[in-house]
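J.: Sending over a structure as structure tokens; questions will come in a sec.
Here, each number is a calculation from the coordinates, and none is a lab measurement. All values derive from a computational prediction rather than experimental measurement. Cβ placement follows ideal geometry from the backbone for every residue including glycine, while neighbour counts extend to all protein chains displayed.
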Amino acid sequence: MKEKKNIILLIFAVVFFLVALIFCVFCFKPHNDIGMTNINSDVNINENENKNNNISNENISNENISNEGDNNEISQLKNEIKDELEKKEENANTILEEISNTENIENVSYNDIKVYKEDSSEFNLSEIANSSAMILFWNPEDEASVDVLKKVENVYKKYENRIKFLMISTSKEIPSNLKNEISMEIYYDLDREYEKKYNVTSLPAMIYIYSDNTVMNAKSGVPSTDSLEANLDILSDNI
């Protein structure tokens, strides 16, 4: 009887142990799941943060590239505007220079004039009647006169077949090196007829004469090359 009671107690103890074990398993399992869930959540959060950081870095990088491109375009546009303004300013200065360095010669009309060639033979303006002509009165000792003479020389070949050029010096004393630079024939007004026949009071002076012997324009001073060519274009009907 006593042995039977011991066996029952043993069975009861085993059952109690199994129940306790099962209870412990069920109690601790949710905590582990929660722990793993928290760990997984932390991992996901870290991954999302890394992704967000990468996206932010990419956006910042793209923004920097975009900003650099915009800055380059703006810089290029500024340079273009600056260049355009400088060109306009240069053109304006050229116009102002033309206005300030030339003056109209008033009350000028066509008059025949006697001048001399290099060999001292006479030449009359009437000999080239019915031809368009440009007359330049100049003096080799005057720097402005020499400047205009060289400007005319630079464009002479362009117009020589349509316009007669009379480069009339008021002095025979022309340096040989200057003569060598000029391909146009040089004439001399040693009697100073230009003063009374063309109202010239200062040198250099330019007289533009149409083929019908009417004066198209008359200027004293130093013109720009553009102004000089504009007058020659009109005179030669090259417009």
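J.: Report the gain in length on full extension from residue 118 to residue 180: 0.36 nm times residue separation, minus Cα-Cα distance, nm rounded to one decimal. Display every interim value, and only then the final one.
T.: On the way: separation 62, 0.36 × 62 = 22.32 nm, distance 1.36 nm.
Here the answer is 21.0 nm.
J.: Sorting check: for 217-226, 169-178, which peptide has the highest mean count of neighbouring beta carbons within 10 Å, and how do the rest follow? Don't jump to the answer; show the numbers that get you there.
T.: On the way: 217-226: 18.2, 169-178: 13.3.
Top of the packing list down: 217-226, 169-178.
J.: PRE reach from residue 214 (point 7 Å along Cα→Cβ): which of the range 97-139 fall under 12 Å by backbone N?
T.: 110
J.: Take residue 22 and residue 83, extend 7 Å from each Cα along the Cα→Cβ direction, and tell me the distance between the two endpoints in nm.
T.: 9.2
J.: Principal axes first, then extents: for the Cα atoms of the range 90-219, list largest minus smallest coordinate on each axis, whole Å, largest first.
T.: Between the extreme Cα coordinates on each principal axis of the range 90-219 lie 45, 36, 30 Å.
J.: With a point put 7 Å past each Cα toward its Cβ, work out how far residue 126 is from residue 111 in nm, to one decimal.
T.: 1.5
J.: Quick one: length gained pulling residue 233 to residue 142 fully straight, 0.36 nm per residue minus the C-alpha distance?
T.: Numbers: separation 91, 0.36 × 91 = 32.76 nm, distance 2.69 nm.
So the extension gain works out to 30.1 nm.
J.: Treat the count of other C-beta atoms within 10 Å as a stand-in for reagent exposure and order 157, 114 from fewest to most.
T.: Details: 157 10, 114 14.
The order, fewest Cβ neighbours first, is 157, 114.
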